[in-house]
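Beneath this line is the structure, given in structure tokens, with notes to follow.
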Amino acid sequence: MRRDHRIAMRAVQLVRIGKPLQEVELSVPKIGPSDVLIRIAAAGICHSDEHYRAGISNIDHLPVTLGHEVAGTVEKVGGEVANLAPGDRVCVHYLVHCGHCHFCTAGLEQFCCTVQMIGKHRDGGYAEFIRVPGKNAFALPDEISFEIGAIMMCSSATAFHALNKARLKSGESVAIFGLGGLGFSALQLSQAFDCGQVYVVEVNRAKLQLAARLGAVAIDAKASDPVEQIKEGTAGKGVDVSLELIGSATTMRQAVLCLGVRGRAALIGLTKESMSIFPYTELINKEAEIIGVSDHLASELPVLLEFARSGKLRFPPETLRVVDLEANQVNAALDALQDSIDHVRTVIISGE
Ligand SMILES: [Zn+2]
Ligand SMILES: [Zn+2]
């Protein structure tokens, strides 16, 4: 293995809100006893990175290296890290948590009192190296490429958490609102849960065709009321689980209305709009539930990685696009994300 003990590295940072990211030279991070240093092989460019650059989502200190979808090879391990060694392939859980507060001890580390998101509160993956706590690095099986390992750490992990929160059981029907990055994983993961019929609600013709190819019933929301179409498809019963991945009050309401008796609507998409509900007829009468979903848990990642290793979660080559760790290319990819909820993901490949 190469051991060149680099002291400087390239990174692409958010320096000013609303301005293009800049290429900078930084010191290779020094690690503490519980940390690992990872030589980054792949870093996903996420929709939320575009929101940080544009100032739509707040970022409290600048400059910061963006990138919370990270995979690479362990370069160095701290003295207290027993489960990893230099040369290990890993992917990174993006929430750094304390491990001992009330929420962490309950296994709910996304609510940790001091939680920090990699690529937002601390430097992320748009760089050659990253320092993370050893407990945030998860073994990446050889069957999964670095690019796929990286992108799974965000949208796939959150889609998986949503299905867990909605308690999807084998044989149950599912309605997915929106076939972007989250929906693409949610559809395949629902099938990996051995679900019943899946309905995908979309307005985009290519995405409706993709949904049908993946075995779902494609519901064209432009053709007629999607709730009526789902009710028709389920002989009037409605679905057991619905996932709202778009972030609109209209589709959130549809996700509730399409539920059957004891149905669960998991809301993942973000919006500042409010939504109205008629509690008696829409929730109480059928014991339906509306469930909020935020991020995901470290404990879910090994199961998710196993779904990908065994081929139940796939990302065909046409769903991935790669760019170099170079400011112009990264900014162009962020520009392209401004108006799209594509299932095609762009990944930065770090050259040697
Ligand atoms: Zn992301
Ligand atoms: Zn904590």
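The values are calculated or read from the model by the stated rules, or taken from the named source; none is laboratory data. It should be emphasised that the depicted structure is a prediction, and the values quoted were computed from it without experimental measurement. Here Cβ is always computed from backbone atoms with ideal geometry, including for glycine, and neighbour counts include all displayed protein chains. Quick note on the areas: whole protein, heavy atoms, side chains included, nothing else; ligands and nucleic acids left out. Shrake-Rupley method; radii C 1.70, N 1.55, O 1.52, S 1.80 Å.
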Skipping prolines and chain starts, which residues have an amide H placed within reach, meaning under 5 Å, of the one on residue 132, given they are 5 or more residues away or on another chain? 36, 38
For residue 16 and residue 60, what does the FRET efficiency come to when R0 = 22 Å and r is the distance between their Cβ atoms, rounded to the nearest 0.05? 0.95
Rg in Å to one decimal, and Dmax rounded to a whole Å, for the range 1-159 via C-alpha atoms: 15.2, 43
How many Å² of accessible area per residue for the range 57-133, probe 1.4 Å? 40 Å²
How much space per residue, in cubic angstrom, does the convex hull of the C-alpha atoms of the range 160-270 take up? 85 Å³
Go ahead and run the numbers for FRET between residue 228 and residue 83, Cβ-Cβ distance against an R0 of 51 Å, rounding to 0.05. 0.45
The chain: most fluctuating residue of 167, 321, 213 per GNM, C-alpha cutoff 10 Å: 213
Which residues does a label at residue 121 reach in the range 283-327, if reach means a backbone N under 16 Å from a point 7 Å past the Cα toward the Cβ? 294-298
Positive end of the dipole of the range 1-92, charges at C-beta (+1 Lys, Arg; -1 Asp, Glu), about the Cα centre: which of 87, 44, 56 has its Cα farthest in that direction? 87
Could you work out how far apart the two model spin labels at residue 294 and residue 270 are, taking each label as a point 7 Å from the Cα in the direction of the beta carbon, and quote it in nm? 1.1 nm
With the 1.4 Å probe rolled over protein heavy atoms, the range 7-55 has an accessible area per residue in Å² of 43 Å²
Multiply the residue separation of residue 73 and residue 338 by 0.36 nm, subtract the distance between their alpha-carbon atoms, and state the gained length in nm to one decimal. 92.3 nm
Size of the dipole of the range 121-264 about the Cα centre, Lys and Arg at +1 and Asp and Glu at -1 on the beta carbon, nothing else charged, in debye to 20? 420 debye
Given the chain, what count of lysine pairs have C-alpha atoms under 18 Å apart, with each pair 8 or more places apart or on different chains? 10
Heavy-atom surface of the range 242-309, accessible at 1.4 Å and reported per residue (Å²): 48 Å²
Carbon and sulfur atoms account, in whole percent of the 1.4 Å probe accessible area of the range 240-279, for 57 percent
Taking springs between alpha-carbon atoms closer than 10 angstrom, which of 162, 106, 150 fluctuates most in the Gaussian network model of the chain? 106
Under 17 Å from a label point 7 Å along Cα→Cβ of residue 108: give me every residue in the range 236-277 with its amide N that close. 267
Which residue, 269, 180, 233, has the most motion in a Gaussian network model of the chain that connects Cα atoms within less than 10 Å? 233
Report, in debye and to the nearest 20, how large the dipole of the range 1-67 comes out about its Cα centre when Lys and Arg carry +1 and Asp and Glu carry -1 on their Cβ. 260 debye
Distance in nm between label sites at residue 349 and residue 250, each 7 Å beyond Cα in the beta-carbon direction? 4.0 nm
Accessible area of the range 69-184 with a 1.4 Å probe: how many percent of it is carbon plus sulfur? 54 percent
The chain: C-alpha gyration tensor shape, a/c 1.5 cut-off, then a/b vs b/c: prolate
